[in-house]
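Right, one structure below, let's go through it.
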Amino acid sequence: MQNSEEKERKLASTRKLITFANIAGPVSLIIGGVLLSTAGLICSLIARSRINTMLKEQPQDQIFSQKVMQAAKPGAIALIICTIALVLNVISLALVMPAVLEASQTGNLTTLFGGGAVNTAGTATSTWG
């Protein structure tokens, strides 16, 4: 009985890792977070490793193996999503980093906003003032 509860707890923990990875990948694309997509990728890799371990440990328990296999597909999807998100986030970081470094060295932040989006003169041209 104890072994069964431990297996179910480990499977539930693995499912939580997969859920986090499924959420972290797309959210990191929205906010542009390399760190978040890396965390999602690590969680999905840990979940994948746990799934493989659980399948090797309990090949004779058909019901538990079926539950593990049901978690394997979302785990693979999470791994793919987080990998793609990490690659895209790294590419966007590499494209933006030179402009950020230049702006921080010169102190001219208007280059980050397209040159004219920041009103530095202090004169308002809108109705509100």
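Coordinate-derived values only; no laboratory data. Here the structure is a predicted model, which means the values were calculated and not measured. Neighbour counts run over all protein chains shown; Cβ positions are idealised from the backbone, glycine included.
Using the Kirkwood formula on the Cα atoms of region 2-110, what hydrodynamic radius do you get, in angstrom to one decimal? Evaluated on region 2-110, it is 15.5 Å. The mean sequence separation of alpha-carbon pairs under 8 Å and at least six residues apart, normalised by the residue count of region 2-110, gives a relative contact order of 32 percent. Highest average first, the peptides 32-43, 70-81, 97-108 ordered by how many other beta carbon atoms sit within 10 Å of their residues are 32-43, 70-81, 97-108.
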